[in-house]
Amino acid sequence: MDALLAKADSLSSASKKRRRPTQATSNSASTSDLTYQSLVKQTSLPKSLRPTKTIENVPTHNHIANKKLRNKLARTSTHAAQSKALLEDAELLLTSEAGKMEVEGEMEKTWRVGQSEIVESTGQEAALGRKEWKLDGGPYKSRHTRNGRHLAIIGRDGHAATFDWLTGQLHAELQLQETCRDITFLHDQSHFAVAQRKYVFIYDRDGVELHCLKAHIEPTCLEFLPYHWLLATIGNAGYLKYQDTSTGQLLVEHRTKLGACTTMTQNTHNAVIHLGHQNGCVTLWTPNLPHPAVQLLAHLGPVTSVAVDPSQAGRYMATAGRDSTVKVWDCRNWKGAVREWSARGGSADLDWSQRGFLASASGGTVNVYSTSSIHSASTTKAPPPLYITHPVPHRPLTSVRFTPFQDILTIGHAAGLSSILVPGAGEPNFDSSEADPFENKKTRREREVKALLDKIQPDMIALDPEFVGSLALPSKLVTDTTSTPFARLPRIQRLKVSGKADETEEVESEVEGDHGKKESREEREKRKMRGKGKSLKRYLRKQRKNVIDPTVVAIRAKLEKQKEEKRRAAAGQTENDKPSALDRFKRKS
Amino acid sequence: MVVSDYGAHADTILIFQQKISVLQHAPSEHLPSRPGDPTPVSRNLNPIMHPFARSRERIRALNAAKMERMFAKPFVDSLEGHVDAIETLVKKPGDLSTVASGSWDGGLIVHNISQRSQLLNIPQAHKGKVSGLCFASDRLLSCGVDRTVKLWSTDKSEGQKPLSVFAGKSAFNSIDHHRSDGLFATASNLVQIWDETKSSPISDLTFPTSTETITAVRFNLSESSVLASIGSDRTFTLYDIRTGKAERRVIMQMRSNSLAWSPTFPTILLLASEDHNLYTFDIRHVSTPTQIYKSHVSAVMSCDWSPTGTELVSGGWDRTVRIWHEGRGTAPEVYHTKRMQRVSSVLFTNDARFVLSGSDDGNVRIWKAKASEKLGVITARERAAIEYRESLKQRWQMDKQVNKIMRTRQLPKPVYSAAKLKRTMVEAERVKDERRRKHSRAGETKPKAARKKVVVVEQT
């Protein structure tokens, strides 16, 4: 028996609290604990698991009373901070380099370099991105899949086509023979939706009509939220409608009350829909709010284009209006635009590239501005320094779209489409798990299934996408008795702590004793007893509840008033106070 | 001249190439080099490239939790053969598949659980119930209320006769074999140590003032001369066969029904108590239990450790089998079926993958220790997916929805209502206690921790 105990004692300390060798106490523990000492010589953490740096500002969660939970949370946040620090090392994995264009000397400007020069100086493969498509049927609009490989185009007069632009393989070509206003791919190239004259239609890859969405009447713009599988449309009636494309259900329709709307975009980082309206307002919508999450008067005329910056996690928004100005807004602080300038040639169309280049097509030119200059605040209304400019002779220019993962900008105009090269616009390193331009058929299928499994519920859309999984704020209810948890306090104390208790009664009694001179003890007791039995007071005493009741409050006020009057009467002020018709003739001194 | 002209021209081209570069992806890097090769993947860990990463991970965790519940089919098989309720179950040390069971009609069966076959079936091993079983290397020892201990060979060819019979003075309740020596201990109104080669006990162990019936006895697995017993006087007692006397006795509030030594931590003892709880005691500090396991709604009849010491299983009068994590006193896994009656004995198999339960309906049931575990061959990819789901659940267990799915167990109505009633009673008791305290003089009565209430007195 004793032998057993003796053996057990050498294994760990016999005290009730098990002590773990933490970093802070390791020195003191190592001297006493023989087992630990014998172990520590033989063991070591692999180099990859050792913390490289000491990480600061890790939240400690000290407000959480539960020790186990607190430790667990602290461990999790330390781990998160460590892995965040390790992300820097992961940059080694990024092999491709972004495109760039640099000039030597002060006098040289990048915008002086024309497309022909760029094409000439780049390789054969990259030069494929510079193209001109001459097409009939009105101004064209274009849209890419998320991996940038496939392109859908739509002409005003109903010419729709989808194709793989890299290989030039045409998937579908349709002559719809009615006005078409917008086109978008759904989750990938296998389906696309077209906003036609009356309804939204969904076609498959080969151009076979699959669905006619009759709930979406006279649509003008389409947006697909890929992680939520929602097709958002807005039309001439001004109703924003969300259709779930995985279940086919019309999820919700919001009445904007701002009339016909021709401008819509999505923030890809929080799936909020941005609408630009005829009265100059920009509104931000989520499916779970019947009113806009943000409403902003952005322009003094109709808003013609809205774009959100994907490079800064949706922090900046650019708007263009018929008042021929372009404004850049900070989505965290709506107090005025960060920067604004006037676009030559009237209303502009905007798009933001993956690496933060802003393209604006206005009049007969397309201007591209580089990242750093757009975000910096400026009070002057001068445009930011130009990066590239490109004239297009076919007015109007209806759409500009950057190709994801490519340095290409596709411009839709009256005579078809043209694509130009913008060095540095595209993200050089794609992630195969998100969007892969080189995916094969099997990967596409697998991704489709996985994306359906990972479909996020539409209720989760909010302005701040990071609220998911974040910790609740520490409670503001502070109990003075720290030992007793809030839930175990008696009701009156709970009400007191939460500030809902009716404490007027007690205060009153305290005040009562206060006024006047110091009384002797007998007098005080006498006063206390007197008037206690009066009917109103008796009523009040009986009505004393834990919550504030309007009738009781009214009676209390009445009593207070009576008391005040009595006091005044005692002081002989009653006559003076009473207003008289003759008061007006009194001399004002 | 001509030569220098050429040189200048080449220079300008070189400068231009440095100045302007346009992004291009080499298809050779991103496409498989030969048909049939896996497509190369590229990674970019920049968080901006992964929008809604957190939300999607949460959805995945939710799906993982749902899948766990969907695949939770713990029942594997039931082993029939007994005509009456099963009293005792025992596994063979060092063998993954051999298990013996004894029943109230005096029958004794040795099962092979991997083949679901009977190695030995003795219908009338004892008159009255078989109260205890244990393996002695290759042979089997059984004791009964007919005051005998019998030694059996597990070989079928030896016939239905015991190898030897040890006669005692009173009915036996339990038996356990020494880890290494040829000794075994029996429990009747006292603990007796027997030698396999001798027909009478070599020593009697009893606490001096004891008049109780000993209901179970177990040898310590590490310090094999130490043994523990539980008795009908709400006690548990520690003995040492070298000194030949009882070292310590503890009287508790309620009596225990079963005990088990921890296989990995030699000083930890697990007791299944009549008061619906299980207790682990560190025998160095027997004044308070180290952990209380609360969830059963009726008396716990039997308990066992997993061979890793990280889990424990208990079966109770409430017709459920519960699997606990060591050190976590609530929210165990609950197993039940419509036909399973009072569980009188439970067992963890030696590979920690299965749990056996013997119940009043005469069946030995085989359950998976992890309800949603897949039996059979698991490919590496599947294994990786399972591990990923496991870590997701771990990470998101604080989430309200995920936690609810993971926590909720559908219980039989009687168990559910009994649990509800029990909660009400415990809460009422707490409230009454609080009120009593409030109306007594300040500081006169202090709330007592549940752990401090368990032990009545500790005797040496």
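For B:Lys422 and B:Ser391, the FRET efficiency from 1/(1 + (r/R0)^6), where r spans their Cβ atoms and R0 equals 35 Å, is about 0.50. Restricting the trypsin sites (Lys or Arg not before Pro) of region A:175-232 to loop positions (DSSP other than H, G, I, E, B) with no more than 16 neighbouring Cβ atoms within 10 Å leaves A:Arg197, A:Lys198, A:Arg205, A:Lys214. In plain terms, the residue of B:Leu238, A:Leu92 with the fewest other Cβ atoms within 10 Å comes first and the most crowded comes last, giving A:Leu92, B:Leu238. For region B:181-256, which trypsin sites (Lys or Arg not before Pro) pass both filters: DSSP loop (anything but H, G, I, E, B) and at most 12 other C-beta atoms within 10 Å? Hits after loop and neighbour filter: B:Lys198, B:Arg242. Between B:Ser137 and A:Thr167, the simple label model (points 7 Å from Cα in the Cβ direction) yields a spacing of 7.4 nm.
Would you give the gap between the C-alpha center of region B:154-199 and the C-alpha center of region B:283-324, rounded to a whole Å? So the separation of the two Cα centres works out to 27 Å. Separation of the alpha carbons by more than 20 angstrom is noted, of B:Lys66/B:Lys400; B:Lys92/B:Lys245; A:Lys141/A:Lys198; B:Lys169/B:Lys198; A:Lys68/B:Lys370; A:Lys72/B:Lys400, for B:Lys92/B:Lys245; A:Lys68/B:Lys370.
Assuming R0 = 22 Å, what is the FRET efficiency of A:Arg567 and A:Lys534, from their Cβ-Cβ distance, to the nearest 0.05? It comes out at approximately 0.85. Charge dipole (Cα centre; +1 on Lys/Arg Cβ, -1 on Asp/Glu Cβ; no other charges) of chain B amounts to roughly 2160 debye. If you take the charge dipole of the protein assembly as shown about its Cα centre, with +1 on Lys and Arg Cβ and -1 on Asp and Glu Cβ, which of A:Thr184, B:Ser199, B:Thr379 is farthest toward its positive end? So the residue furthest toward the plus end is B:Ser199. Here the Karplus relation 6.51 cos²θ - 1.76 cosθ + 1.60, evaluated at θ = phi - 60°, turns the backbone of region A:167-175 into coupling constants of 8, x, 7, 7, 8, 8, 9, 10, 10 Hz, with x for every Gly and Pro.
With N denoting the number of residues in chain A, provide Rg(C-alpha) divided by 2.2 N^0.38 Å, to two decimal places. Normalised Cα radius of gyration, chain A: 1.43.
Under 16 Å from the Cα of A:Lys47, which aspartates and glutamates turn up, not counting those fewer than eight places away in the same chain? Answer for A:Lys47, where 16 Å is the Cα cut-off: A:Asp89, listed by chain and number. Remark: B:Arg319, A:Arg587 ranked as A:Arg587, B:Arg319, counting other beta-carbon atoms within 10 Å and listing the fewest first. Comparing B:Gly128, B:Phe166, B:Thr154 along the charge dipole axis of region B:76-376, the residue lying farthest to the positive side is B:Gly128, per the Cβ-charge model.
Here A:Lys566 is the anchor, and the aspartates and glutamates within straight C-alpha reach of less than 15 Å, apart from those fewer than 8 places off in the same chain, are A:Glu512, A:Glu575, A:Asp577. Counted as membrane-span-like here are DSSP H helices of chain B whose alpha-carbon atoms extend 20 Å or more along the helix's own axis and whose Kyte-Doolittle mean is -1.0 or above; these are B:2-19. Using Cβ point charges alone (K and R +1, D and E -1), the dipole size of the protein assembly as shown about the Cα centre works out to roughly 6260 debye. Here the mean projected area of the convex hull built on the C-alpha positions of the protein assembly as shown is 71.3 nm². For region A:110-446, the dipole from Cβ point charges (+1 on Lys and Arg, -1 on Asp and Glu) about the Cα centre works out to 840 debye, to the nearest 20.
Qualifying GluC sites (Glu not before Pro) in region A:70-171, where qualification requires a DSSP coil assignment and no more than 15 other C-beta atoms within 10 Å, comprise A:Glu88, A:Glu97, A:Glu102, A:Glu104, A:Glu106, A:Glu108, A:Glu125.
Pairs over the 32 Å Cα-Cα cut-off, from the set A:Lys455/B:Lys19; B:Lys338/B:Lys452; A:Lys67/B:Lys453: A:Lys455/B:Lys19; B:Lys338/B:Lys452. With Cβ to Cβ distances under 13 Å as the rule, what net charge do the other residues near A:Trp133 carry (K, R +1; D, E -1)? Net local charge, A:Trp133 excluded: +1.
Can you tell which of A:Ala81, A:Ser373, B:Trp261 lies farthest toward the positive end of the dipole of the protein assembly as shown, using +1 and -1 charges on the Cβ of basic and acidic side chains (Lys, Arg; Asp, Glu)? Farthest towards the positive end: B:Trp261.
No lab work stands behind these numbers, since they all come straight from the coordinates. In this text the structure is predicted, and so the values were computed from the model without any measurement. Positions of Cβ are backbone-derived with ideal geometry, glycine not excepted, and every protein chain shown enters the neighbour counts.
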